[in-house]
Amino acid sequence: MRLPLALLAFALVACGDEEIDDPPCEVAGGSLSGVIDGQSYDFAGGETSAFLSDDEEFFATLYGEAYEACGYDPPEGSHLIVSIPTTPGEYEMGAMMNGTFVYDEGGSPMNEVSFSGVVVVDEVTETTVSGGLCMAVGDHEVSGSFTIDICE
């Protein structure tokens, strides 16, 4: 019984490191954009959370409004929360690495999690992570490139 569980765990870890043969979506050229809750979304800035990130994945928030990253006053409104690997490569989303569409519905924040998509990490520096993303769930979908700040 232990061997099948060990193989399953290894397979889940290995999924992110291999080239994706049949990606669930293609990362569009240009800046990250799409639709969240029927409203247009155009990426304007983002950041990682030092508290929620680790050596293998950044916990990242990508906003549709410009703001001072790594501060204490992020913008309100629709945004994305995405797991972004810390190593360059192409990764398929799933149960362990996913993205969330966050939006307001009648004054209440709503979250819709997407387990289907692709995260591409092109470059990680001391201060930024750059790459591309495509993900969708229900009526929500985004695709394109981003560069976000790494907060400490």
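Readers should treat all values here as calculations from the given coordinates under stated rules, not as data from a laboratory. Please read all numbers here as calculations on a predicted model, not as lab measurements. Using ideal geometry, Cβ is built from the backbone for each residue, glycine included, and neighbour counts are taken over all protein chains shown.
Kirkwood's formula applied to the C-alpha pairs of region 42-93 gives a hydrodynamic radius of 11.8 angstrom. Rounded to a whole number of µm²/s, how large is the Stokes-Einstein D of the chain at 4 °C and 1.567 mPa s, given Rh as the Kirkwood radius over C-alpha pairs? Here the translational diffusion coefficient equals 82 µm²/s. The convex hull defined by the C-alpha atoms of region 103-152 has an orientation-averaged projected area of 4.8 nm².
Legend: calculated FRET efficiency, residue 104 to residue 56, from the Cβ-Cβ distance at R0 = 30 Å, rounded to 0.05, equals 0.45. Site pair residue 39 and residue 70 shows an inter-label distance of 2.8 nm when each label is modelled 7 Å from Cα along Cα→Cβ.
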